[in-house]
Structure formats: C-alpha cells, structure tokens
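The values are calculated or read from the model by the stated rules, or taken from the named source; none is laboratory data. Worth saying up front: this structure is predicted, and the values here are computed from it rather than measured. Cβ placement follows ideal geometry from the backbone for every residue including glycine, while neighbour counts extend to all protein chains displayed. Just the protein is used for accessible areas: all its heavy atoms, side chains included, with ligands, DNA and RNA removed. Shrake-Rupley method; radii C 1.70, N 1.55, O 1.52, S 1.80 Å.
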Amino acid sequence: MRAASLREGRIEVREVPDPKPGPGQILVRTCACAICASDLHFMDHPEAILQNDTGMQRYDPHADIVMGHEYVAEIVDYGPDTDRKWKTGTRVSSVPVLIGKDGPKIIGYNPEVPGGFGEYFLMTEAITQVVPTDLPSELMCIADAMAVGWYYVRRANVQPSEIPLVIGCGAIGLSVIAALKRRGIGPILAADFVENRRQTALTMGADMVIDPAEISPFRRWKEVAYGDPDKARDLWSAVTARGCVVFECVGMPGVLDSIIKSCERDTRIFSAGGAPEGDHIHTMIAKNKGLNIQFGGGPSMPDWNEAFQEVANGRLDVSPMLGRIVSLAEMPQAINDARDARGPARIVLDPRK
C-alpha cells in the first residue's frame, strides 16, 4: 500500500506492506485522518518515546512508521475470531488502540501498528464504533481530538464558584472550550497569541479571548472574577471566593512554569499540553500557593465515545477547526504546515484523492 511513512526522521510517500488482520481485528481503508500535534512531537522528540516504558509506543528510526490516529475508515475485511458485525464498506472509527497478542498498542505510534496516514490499517473489532451519520469523514475524524477536552473537563469537575481559563487555542484547547460550553460552564476565558485561533475559540464557545501580548491572562481573569484585580490581590477573602481552573494546552517549555508563577493561590491546573522534551517548574512556588496540578492522561473510552456521539449527532460542530484536505502526495508539506500556529487546527488527509 501507499503511505506517508516516517523513516530516518522524514515523512515520505512510500510503498509499505499491507497490514494483515489478526484475531479480533478488522482491516480498514482510510477515509480521512487528521494531523495531530502529537504526530509532530513523535517525529521531533523520539527520545521521549524511547523513555516510554508502557510498551504501547515504539520508535525505530530505521523502520517505516505510518502515523495517524484521528481517523475514519471503511471496513475491507475481517481477521479470525471476529463477529463480522458490519458489512464491507461500513464507516467506522475507534479509540486508537490495537489489541494483539503482545497486548494493546497505540495505532500510528509503532512500526508494527500502522495508522491512518496510509491507505489501510487495522482496528480492534471489540472497540470499533460505527459512524451513525452521513457527516463527512473529514469532520468525523476530528472527534478523537474532541475526546481529549471531554476527558479534562470531566476530570476538572469545575464548580459554580470557579472560572476556567484555557491557555492555548490549538485543537486541544478548542476541545476543552467546546466541552466546557457543552456542560454550561462559564464564563470561559481563552488565551492565545494568534488572532485567528482566538477567533476560532469564540466560535467554539469561549466567552472572552485574551491576547497575552496585550494583557496577562491572569490579570484579565481577576478582572472577570472580581471586577478589580488589584483589590482581589489585597483581600484574602476575595482571593478565596473565586477559584481559577487553568487548562494548559500549549505543550511548549516554560508555559506551565509561567502559569505556576502567575496564577492565584489554590489554582487547579490541568496540563493537557506538556513539553515533549521535558520542562522545569518551580515546585516551591507551587507548594507555597497550594496548587493542584494534573498531568496528562486520558481520554478514557467513555470520554471518547461521548465526544464521538456529540460530533456524529451534530450537537458539536467541529467545522471551524477543519482546514484543508490533502492527498498522500501532499502529506510531507502538510506535516510542515501543521507546525504553523497561524494555520487551521486540523489538516486532514484523504488518501483516496
């Protein structure tokens, strides 16, 4: 099959072996697969993968790795020990995990488990979900990114006395904003240096957007929470009356530490970004402020399924996040374009083009 394959640190369109379904697996043909920032992190920071001891990811610079974990595909064939629940051509998606004889592995992050950047890949029948709508595949595949926001917002359990602040309005920040809005939580504040990302954040449900080049997001948060940020700083009762819940969705070194230094006492921080090359934070400042920091995790299966159904049923419109749709031949350039913060939240591959 043809695939946009990572090898020797570069993405090139190559011929790679067709995957063969094992027990409990389905062979599928890619309809659409989005480029995620995690794909870029995998390419650019293989040392982080080499330090991963879960066995679910594996990096080999000399092997073909076909990435792509935000996908919609159509059923081609079944492996042994499957129930053959759906007919050929049925559109499906799933949490990007393939269960094999060596245990679960993340689809697109192993040489032996290709993902949606190729013409074909494998899925696990037991966790496969049928696409229950005629919504285009290039929109449905974005549901995987939305599941991340569903996970963090569920874990945050934002209370009526708390005001959320989203730092970074890429795809994950937008998914957090959408999940907060869907649950009726607000006002939602969102910060990003890029104008078009701030505008997309408003479209996805943010009540107020902030350009950090003009004003500190934390000063603006205090203005919203108390009306007078200077007064809030002076009065202990005012500071403890409203709580700040920060969602860090940038994933660059220094961002989490800047949040720790700038946020209010007792802030709860959910680090959805996380710098893949590692980071340094001032733990004593975090201790003195009584901060609560949740690193990564998720999304769980229920989070993924709920976000998938929200998109499928039209209750969650992800069209503002979609940029252009590219062919396999265009993928090397599209990968580079995905690095541009001024671009769309998602560029989507259709290998049938």
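Do you know the relative contact order of the range 79-132, to the nearest whole percent, from alpha carbon pairs under 8 angstrom that are 6+ apart? Could the numbers behind the result be given before it?
Details: 52 pairs, mean separation 20.2, N = 54.
Over the range 79-132, the number comes to 37 percent.
Assuming 1.002 mPa s and 20 °C, estimate D for the chain with Stokes-Einstein, Rh taken as the Kirkwood radius over Cα pairs, in µm²/s. Don't skip to the end; give the middle numbers.
Numbers: Rh = 21.0 Å.
In µm²/s, the coefficient rounds to 102.
From zero up to wherever the largest Cα-Cα distance of the range 1-107 sits, split into 5 Å bins and tell me the percent of pairs in each.
Going from the shortest bin to the longest, the percentages are 2, 11, 18, 24, 21, 14, 7, 2, 0.
Roughly how many percent of the accessible protein surface of the range 91-187 is carbon and sulfur, given a 1.4 Å probe and a whole-percent answer?
Carbon and sulfur atoms account for 52 percent of the accessible area of the range 91-187.
Roughly how much of Glu162 is accessible, in Å² to the nearest 10, using a 1.4 Å probe?
Around 30 Å² of this residue is reachable by solvent.
To the nearest 20 debye, what is the magnitude of the charge dipole of the chain about its Cα centre, counting +1 on the Cβ of each Lys and Arg and -1 on the Cβ of each Asp and Glu?
Working: 38 positive and 46 negative charges, 155 e Å.
Its charge dipole is roughly 740 debye.
I'd like to verify something in the chain: which complete DSSP H helices, judged by Cα projection on the helix axis, reach 15 Å or more and average at least 0.0 on the Kyte-Doolittle scale?
Counting only whole DSSP H runs, the qualifying helices are 143-156, 171-182.
Which of the trypsin sites (Lys or Arg not before Pro) across the range 281-346 are loop residues per DSSP, with 15 or fewer other Cβ within 10 Å?
Arg315, Arg339, Arg342
Could you report the accessible area of Ile293 in Å², rounded to 10, computed with a 1.4 Å probe on the protein chains as they sit in the structure?
About 50 Å², rounded to the nearest 10.
Remind me, relative contact order of the range 153-235 in percent, using alpha carbon pairs under 8 angstrom and six or more residues apart?
Rounded, it is 24 percent for the range 153-235.
Please give me, ordered by residue number, the trypsin sites (Lys or Arg not before Pro) of the range 86-157 that lie in loop per DSSP and have at most 12 other Cβ atoms within 10 Å.
Lys87, Lys101
When ligands, DNA and RNA are left out and all protein chains stay put, how many square angstrom of accessible area per residue does the chain have with a 1.4 Å probe?
Values: 15080 Å² over 353 residues.
Heavy-atom SASA per residue in the chain reads 43 Å².
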